[in-house]
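Chemist: The following block contains the structure, expressed as C-alpha cells.
The values are calculated or read from the model by the stated rules, or taken from the named source; none is laboratory data. Computed from a predicted model, the values in this text were never measured in an experiment. Cβ coordinates were reconstructed from backbone atoms using ideal geometry, including for glycine residues, and neighbour counts include every protein chain displayed.
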Amino acid sequence: MLFGKYPLPGSGQMPDPISWLVLDETDTALLLFSECVLDFMPFTDVFRTRDRGWIDSDIRKWLNGDFYEHTFSEAEKKRILPAEHRPVENRWYVQDLTAVCEDRVFLLDIDEVYRYLSGREIRKALLTPYARSIDADEDPWWWTRSCGVSGYDGALVHSVNVAFAVWHNWNGEPLSEAEMPTETETDLGIRPALWLRK
C-alpha cells in the first residue's frame, strides 16, 4: 500500500509515495514496513548520545521528528498509532531490558525480523530512486532497532544474513567476505515501520 511521501523537503528531489508491506494485522490496525530503503544514515553519533541503544539513537529522534513531521499529511498522522517498545535481549551487549519508549515511527527489532521476514527474498531491500542516488548497492544492509555490539549501533540485516555487527552474524559466526557489506561505513539503510489505524 502507498502512504506518505519521501524524500523530505530540501533534498533536491520530488517526493514519491512510500510503498509499504503489511506485516501484521489486528482488528483495528496494520503493521506497515517500508518495502524500500528510503535513505542511508548512521545509527547514532557516539559523541552526542548516552549508551542506551534505540532510546537515545539519532535514527529514533529523526524518524519521530523530521521524518514524521514532513513525510505524512495531517490526516495521515491521525492514523499513525503510538507503539510501546522494550529492548530485545542480546547476548552480545548487556542493556537495561526494563527501558521503555513510545514511537510513532520505528525500525523493526531482531525478533520481528525473524518473525515476519524469514526468507532471503523478503529481507532483500529495494531502493527508491532517491536512495539509489546515494548508494547504488542493489542489496543493501539496513538497520534494526536492536542493539548490536554496543549501545551506539544497531543490529543489521541483509538478504543473506542478520548480523549483530558488520563482521559476525546473529549466531556469532564470522561472515564470509561475500556476505560482508562492501563498505564498513556507518551509513546503512533505513526501512521505517509503523502501526496504522484501519
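Chemist: Please find, within the stretch 117-130, the residue that is nearest to E25 (Cα to Cα) out of those that are outside any strand (DSSP E or B) and within 14 Å of the chain's Cα centre (by Cα).
Modeler: First pass over the stretch 117-130, keeping only residues outside any strand (DSSP E or B): 117-125, 128-130.
With within 14 Å of the chain's Cα centre (by Cα) added as a condition, the list becomes 117, 123-125.
Working: L117: 15, R123: 19, K124: 22, A125: 22 Å.
Out of the qualifying residues, it is L117.
Chemist: All but one of (1) touching a helix residue (DSSP H, G or I) at 6+ places or on another chain (Cβ under 7 Å); (2) at pLDDT 90 or above; (3) not in a helix (DSSP H, G or I) hold for E84; state the number of the condition that does not hold.
Modeler: (1)
Chemist: Among the residues of the stretch 87-124, what is the count of those that are surrounded by 20 or more Cβ atoms within 10 Å (Cβ to Cβ), at pLDDT 90 or above and either of a type in the set (S, T, Y) or out of contact with any helix residue (DSSP H, G or I) (no Cβ under 9 Å at 6 or more places or on another chain) (or both)?
Modeler: 1
Chemist: Right, something else. For the stretch 9-43: of the residues being of a type outside the set (S, T, N, Q) and at pLDDT below 90, which is nearest to the chain's Cα centre (by Cα)?
Modeler: As a first pass, look at the stretch 9-43 and keep what is of a type outside the set (S, T, N, Q): 9-10, 12, 14-18, 20-25, 27, 29-33, 35-43.
With the extra rule that they be at pLDDT below 90, the set shrinks to 9-10, 12, 42-43.
Numbers: P9: 21, G10: 22, G12: 23, P42: 11, F43: 9 Å.
Ranking the candidates gives F43 first.
Chemist: Something else about it: Can you confirm whether the stretch 44-62 contains a residue that is aromatic (F, W, Y), at pLDDT 90 or above and touching a helix residue (DSSP H, G or I) at 6+ places or on another chain (Cβ under 8 Å)? Don't jump to the end; show me each part of the working.
Modeler: From the stretch 44-62, those aromatic (F, W, Y) are 47, 54, 62; that's our starting set.
This time we only want the ones that are at pLDDT 90 or above, so: 62.
Right, trim to touching a helix residue (DSSP H, G or I) at 6+ places or on another chain (Cβ under 8 Å) and you get none.
Looking through the stretch 44-62, none of the residues is aromatic (F, W, Y), at pLDDT 90 or above and touching a helix residue (DSSP H, G or I) at 6+ places or on another chain (Cβ under 8 Å).
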